[in-house]
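Only one structure is covered here, and it is reproduced in the block below.
The values are calculated or read from the model by the stated rules, or taken from the named source; none is laboratory data. Everything numeric in this text was worked out from a predicted model, so none of it was measured. As a convention, Cβ positions derive from the backbone with ideal geometry for all residues, glycine included, and neighbour counts pool all protein chains shown.
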Amino acid sequence: MTTESDKNLTDHASSAEGGVAAVDRAFAILAAFNIEQDSLSLAEISRRTGLYKSTILRLIASLEKSGFMRRTTDGRYSIGPEPLRLSQLYQTSFRLRDVIHPLLESITDESGETSSFYVMENGSRVVLFRVEPKRAVRVSVLEGARFPLHAGASGKILRAFSRNVDPALSEVRERFWACSFGERDPETTAVSVPVFSMGFELKGALTLSGPSDRLLKDHIEHAASILLRNAAIATTALGGHDAEIRAALKRLNP
């Protein structure tokens with residue numbers, strides 16, 4: 001026998017489930033937009049989301065009211081101003097270290113070698129974050145150390161993916177990783193990959209380094225795979241697209 005209390009609980013559960021579904025559909029509509037196409041017709045939104053036009057129109061009314069979407073003068077739809085406000089709040093509360101440092105710890109634990117994150121600053125490469133392994137022989141450089149851009153795996157990555165691309169590094173740009181053997185320190189080998197944020201903006205170079213007698217040439221591609229996997233995670237966390245990084249990873253591990 002179904003009591004009035006049971007009916008109320010069922011109705012509440014159905015309402016909650018419907019609410020979650022509506023939120024998922026609203027997010028699907030927002031995700032249909034991209035940089036290449038910042039305005040879409042109702043028919044295109046329906047094609048990209050798989051939702052009925054009547055459902056889309058109902059959800060768009062709520063999204064417009066809250067500022068997440070707007071209708072353009074030609075009857076198409078585009079993203080509204082509210083995501084920009086949320087983005088600014090996110091950027092204010094966000095710290096690069098919160099994303100990068102845990103990944104460096106993971107890279108060092110997995111590889112047993114020193115991991116670093118380099119950024120370009122005033123024509124040099126600077127160690128922004130660094131994690132060293134718990135072993136006696138290791139590559140030891142302090143955070144904040146500054147090195148020239150023309151040497152080292154991280155220097156190649158920063159030059160290859162900067163706005164002023166070095167044409168000599170086209171191969172590095174194509175494969176998405178670089179290596180160096182004793183270029184800065186004759187006893188050190190290093191491998192490096194890029195990390196991006198929104199709009200394919202280079203944020204820095206994720207790097208693995210170790211003594212040349214331990215980090216051998218046979219180990220380079222494995223090290224690159226570790227770095228690319230983590231660079232994809234970092235890039236996604238920073239609001240970037242990781243498709244090209246994952247494609248590079250797949251080329252290394254077909």
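The helices (runs of 4 or more DSSP H) falling completely within region 39-135 that include 3 or more residues that are under 19 Å from the mean Cα position of the chain (by Cα) map to 82-93, 96-111. Select from region 213-254 the residues that are surrounded by fewer than 17 Cβ atoms within 10 Å (Cβ to Cβ) and in contact with a strand residue (DSSP E or B) (Cβ under 7 Å, 6 or more places away or on another chain) and list them in ascending order. Across region 213-254, the qualifying residue is only Gly239.
Confirm whether Glu174 is touching a Lys or Arg at 6+ places or on another chain (Cβ under 6 Å) and without any contact (Cβ under 8 Å) to a residue 24 or more places away in the chain. Break it down stepwise before answering.
Values: touching a Lys or Arg at 6+ places or on another chain (Cβ under 6 Å): no; without any contact (Cβ under 8 Å) to a residue 24 or more places away in the chain: yes.
Judged against the criteria, Glu174 is not a match.
Which residues, taken from region 25-37, are more than 11 Å from Met69 (Cα to Cα) and either touching a residue at least 40 places away in the same chain (Cβ under 8 Å) or of a type in the set (Phe, Trp, Tyr) (or both)? If you could, list the steps in order and put the result at the bottom.
So in region 25-37, the residues more than 11 Å from Met69 (Cα to Cα) come out as 25, 27-28, 31-32, 34-37.
Result: Phe27, Ile35.
When Asp185 is tested against (1) over 21 Å from the mean Cα position of the chain (by Cα); (2) without any contact (Cβ under 8 Å) to a residue 40 or more places away in the chain; (3) over 19 Å from Asp109 (Cα atoms), exactly one condition is not met: (2). For region 155-196, a residue qualifies if it is among the hydroxyl-bearing types (Ser, Thr, Tyr) and under 22 Å from Ala243 (Cα atoms), and the qualifying residues are Ser162, Ser170, Ser192.
Looking only at residues that are part of a helix (DSSP H, G or I) and out of contact with any helix residue (DSSP H, G or I) (no Cβ under 7 Å at 6 or more places or on another chain) in region 24-38, which one is nearest to Leu84 (Cα to Cα)? Lay out the reasoning, then the answer.
Initial filter on region 24-38 (part of a helix (DSSP H, G or I)): 24-31.
Narrowing the set further to residues that are out of contact with any helix residue (DSSP H, G or I) (no Cβ under 7 Å at 6 or more places or on another chain) leaves 24, 27, 30-31.
Values: Asp24: 20, Phe27: 16, Leu30: 13, Ala31: 15 Å.
Among those that are part of a helix (DSSP H, G or I) and out of contact with any helix residue (DSSP H, G or I) (no Cβ under 7 Å at 6 or more places or on another chain), it is Leu30.
If you filter region 216-253 down to residues that are under 21 Å from Ser111 (Cα atoms) and outside any helix (DSSP H, G or I), you find that the one that is modelled with the highest pLDDT is Asn253.
Please state which one of Glu113, Glu82 is within 30 Å of Arg146 (Cα to Cα), in contact with a Gly (Cβ under 7 Å, 6 or more places away or on another chain) and of a type outside the set (S, T, N, Q). Steps first, please.
Numbers: Glu82 fails: within 30 Å of Arg146 (Cα to Cα).
None of the others qualify; the one that does is Glu113.
Scanning region 151-207 for residues that are in a helix (DSSP H, G or I), hydrophobic (A, V, I, L, M, F, W, C) and crowded, with 23+ Cβ neighbours inside 10 Å yields a total of 4.
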